[in-house]
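Encoded as structure tokens, the structure appears first; notes follow it.
The values are calculated or read from the model by the stated rules, or taken from the named source; none is laboratory data. Remember, it's a predicted structure, so these values are computed and weren't measured experimentally. Methodologically, a virtual Cβ is constructed for each residue, glycine included, from the backbone with ideal geometry; neighbour enumeration extends over all protein chains shown. For accessibility, only protein heavy atoms count, side chains too; no ligands or nucleic acids. Shrake-Rupley method; radii C 1.70, N 1.55, O 1.52, S 1.80 Å.
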Amino acid sequence: MPSTYVLPFEKPIAELEQKLRELHRFSEEQDIDVSGEIRRIEEKIRELRRKIYSELTPWQQVQVARHPQRPYTRDYIGAMMREFVELHGDRRFGDDAAMVGGFATIGSHRVMVIGTQKGRDTKSNVRCHFGCALPEGYRKALRLMRLAARFGRPIVTLIDTPGAYPGIESEERHIAEAIAVNLREMFTLPVPIVVAVIGEGGSGGALGIGVGDRILILEHAYYSVISPEGCAAILWKDRAYADRAAAVLKLTAADLRRFGLVDEVVPEPEGGAHAAPAMAATLLAAAITRALDDLVRVPSAELLDARYRKFRQMGIWIEGAADAVPPGPRDADPAAGA
Amino acid sequence: MALFGKKTRYTSVTVRKRDIPDGLWVKCPGCGEIVYRNALAEALQVCPKCQYHFPMSRAERIALLTEPASWSEWDAHLRSADPLEFTGATSYREKLEENIRTTGHPDAVSCGGARIGPHEVALGVMDFAFLGGSMGSVVGEKITRLIERATAERRPVVIVCASGGARMYEGMLSLMQMAKTSAACARHRDAGLPYIAVLTNPTTAGVMASFATLGDVIIAEPGALIGFAGPRVIRETTQQELPPGFQTAEFLLDHGLLDAVVHRRDLKTVLIRLLDYLAPAGAAVPAPAP
């Protein structure tokens, strides 16, 4: 899948690639050997790509994570796993196209794979709300996770969503409860859970399938409490400041690793997963398999304990002096702000 | 109906904010009436005209729900750090200092042990006045410790929720508090202990999508805004007209998402009654006061 969608900062690469194509055509038409020149340009492209992708700003990372040609959940399932048996529905209301799930085999592991799914075109995006799952999506995920747990199958979740679907029907069917119950129940499932953020990790909608024993994140994926646009709208009253917001939110894979919120950053091929999807899938499959190899050996009680402790230690605060009460009016009049 | 072909004459009085002496009177967002602030305080911060529930301070809430002198605060010494070194129009540090100054509290939740009727409970009271009741590391940690201690001491948990969601200024550290608090809920639940969530105006987003919705019984105050996504976001994303009363406590009750909507004056009675039924079997239930 050659990348045809060009991000603004990828333009210099695209220009060189254009030049390379022209050179190939010229060489064919004129029957002149320009292989030296071609090799030189190919090397230049590699170098430029390496340079650009090693210096991405947080906002550019977000753009890579949202690249329309980036591999999505179904692409990874297809490339990393075999014998996929897709399972549908939450048994209560419907089947959410934005939440994909089923049994699959990766390496030597028979697992339950669950992930949020984006669309490639208008039609598929209408069906799956641009990757924003509905309450029935989260409930379907939980149903499948419980099924996996009953039969001792590890769980792999793939996260790529801008967030849970913000709509009237979402609220009416209680999206908050669907996510909250998943968070609670994922701490009780006695099988290994490997979580991989493969693209966008959009807030609570991502976390709704994001509790696990190993949290992986692809090099150019992001995971954030709020979208950069939403944050910009709050801080600067203008979504156009999304680039600044992306920087202050510390949402890149490297930042999350630094704060101890993810276990492993999975490298992507040079130029991002969209530049070489097959290679991206190979790298991710290796990381997931490694994690599963480790986790299947851990007794389930230990697994659950470690999972609890893992999330229990998340957060950074100050243990102040026990008797220190901040100055100011204790309990200012509650109607003051009304 | 113009019976005599005459237009009704109205005397319109425009009351501008600056006409109202600051602090003495307050305009009710429910009915627009100007209410005497002292009268409001005596009426549990409920508008005498329309029953609009104003926010309560933590001290008022604790006084409303618990037995006199039964409250002992836990983990009051936790302070928010600024791990992201967050700067926007103003910095997180400045925002924290300002909110500590105006509320007199170090963060957005107070937790402690208390007695509600005959029941020794673990009580959390969130405060929307402190950075919108948002959940950062401190709120998440205090709620988690509250629930863990309740599990260890076999107490029921009662949390009075009020929050705009996860605290943006601590980024992903805030989001993970949703998982952390939910994990504590799982263990408390596994121990066979009850948890009652009281949703007050407003309870939304990350808090709603974690411990606020995990109560065995969930009750809400009348008119409270309760939901996951904000109404503006929903309108912008879906281009849909929102139904009347959307995301109010009553709307949720109609849709089967709440156990009850309870007026503030009845809240303590209802809590005691629920705890009477939910108190763990085998635990000593003190006889009600004569």
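Brief remarks on what is shown
- Eligible lysines near A:Lys51 by straight Cα distance, threshold 28 Å, same-chain separation 8 or greater: A:Lys11, A:Lys19, A:Lys250
- Solvent exposure of the protein assembly as shown as accessible area per residue, Å², 1.4 Å probe: 44 Å²
- About its Cα centre, the range A:63-312 has a charge dipole of approximately 380 debye under the convention of +1 per Lys or Arg Cβ and -1 per Asp or Glu Cβ, with nothing else charged.
- Charging the Cβ of each Asp and Glu at -1 and of each Lys and Arg at +1, and nothing else, the dipole of the protein assembly as shown about its Cα centre rounds to 1020 debye.
- Applying a length cut-off of 18 Å (Cα extent along the axis) and a mean Kyte-Doolittle floor of 0.0 to the DSSP H helices of chain B leaves B:137-152.
- Placing dummy labels 7 Å off each Cα toward the beta-carbon, the span from B:Gln240 to A:Arg91 is 2.7 nm.
- With all protein chains modelled, accessible area of B:Trp71 [1.4 Å, Å²]: 60 Å²
- Within 10 Å of each Cβ in B:208-216, the average number of Cβ atoms from other chains: 6
- Residues of type lysines that B:Lys49 reaches as a straight line, Cα spacing below 30 Å, ignoring anything fewer than 8 places off in the same chain: B:Lys7, B:Lys17, B:Lys27, B:Lys268
- The residues packed around A:Gly167, meaning those with a beta-carbon under 15 Å from its beta-carbon, carry a net charge of -3 if Lys and Arg are +1 and Asp and Glu are -1.
- For the range A:203-217, putting each phi into the Karplus relation 6.51 cos²θ - 1.76 cosθ + 1.60 with θ = phi - 60° gives couplings of 6, x, x, 7, 4, x, 10, x, 8, x, 8, 10, 10, 9, 9 Hz, in residue order, rounded to whole numbers and with x for Gly and Pro.
- Rounded to the nearest 100, the interface formed by chains A and B buries 6000 square angstrom of accessible surface, both chains summed, with a 1.4 Å probe.
- Fraction of accessible area attributable to carbon and sulfur, chain A (%, probe 1.4 Å): 53 percent
- Furthest towards positive pole of dipole, B:Leu24, B:Val261, B:Ile147, structure part chain B, Cβ charges: B:Leu24
- Cα gyration tensor, the range B:56-278 - rounded (a/c under 1.5), prolate or oblate: oblate
- With DNA, RNA and ligands ignored, accessible area of B:Tyr52 (1.4 Å probe; Å², nearest 10): 60 Å²
- Distant-in-sequence amide contacts of B:Gly88, defined by a placed amide H-H separation under 5 Å and a gap of 5 or more residues or a different chain, comprise nothing.
- Cα centroid of the range B:57-132 to Cα centroid of the range A:240-319, whole Å: 32 Å
- Summary of the geometry: the range B:187-218 and the range A:8-23, compared by the centres of their Cα atoms, lie 54 Å apart.
- For the range B:153-182, accessible area lost to neighbouring protein chains reaches 50 Å² or more, against the chain alone with a 1.4 Å probe, at B:Met168, B:Met172, B:Leu173, B:Leu175, B:Met176, B:Ala179, B:Lys180.
- Placed amide H near B:Trp25: partners under 5 Å, 5+ positions off or other chain: B:Arg37
- Shielded by partner chains, the range B:53-81 residues - at least 50 Å² of accessible area, 1.4 Å probe, vs chain alone: B:His77, B:Arg79
- Residues whose amide H comes within less than 5 Å of that of B:Gly223, counting only those at least five positions distant or on another chain, are B:Ala249, B:Glu250 (H built at 1.01 Å from N in the peptide plane).
- Inter-label distance, A:Ser27 to A:Arg127: 4.1 nm, where each label sits 7 Å from its Cα along the C-beta direction.
- In terms of its C-alpha gyration tensor, the range A:8-55 has an oblate overall shape, because the principal axis ratio a/c (a ≥ b ≥ c, square roots of the eigenvalues) is not below 1.5 and a/b does not outweigh b/c.
- Contact residues in the range B:83-98 by the 10 Å² criterion (accessible area, 1.4 Å probe, full protein complex versus chain alone): B:Pro83, B:Leu84, B:Phe86, B:Thr87, B:Gly88, B:Ala89.
- Shape call, the protein assembly as shown: gyration tensor on alpha carbons, a/c limit 1.5: prolate
- Between A:Phe151 and A:Tyr5, the FRET efficiency estimated from the beta carbon spacing at R0 = 56 angstrom works out to 0.85.
- Accessible-area ranking of A:Leu284, A:Leu16, B:Leu24, A:Leu147, largest first, probe 1.4 Å: B:Leu24, A:Leu147, A:Leu16, A:Leu284
- Alpha-carbon centroids, the range A:67-92 and the range A:132-165: separation in whole Å: 12 Å
- Positive end of the dipole of the range B:103-250 (Cβ unit charges, origin at the Cα centre): among B:Phe228, B:Gln239, B:Ser110, the Cα lying farthest that way belongs to B:Ser110.
- Counting only whole DSSP H helices of chain A, the ones at least 20 Å long by C-alpha along their axis and with mean Kyte-Doolittle hydropathy no lower than 0.5 are A:277-295.
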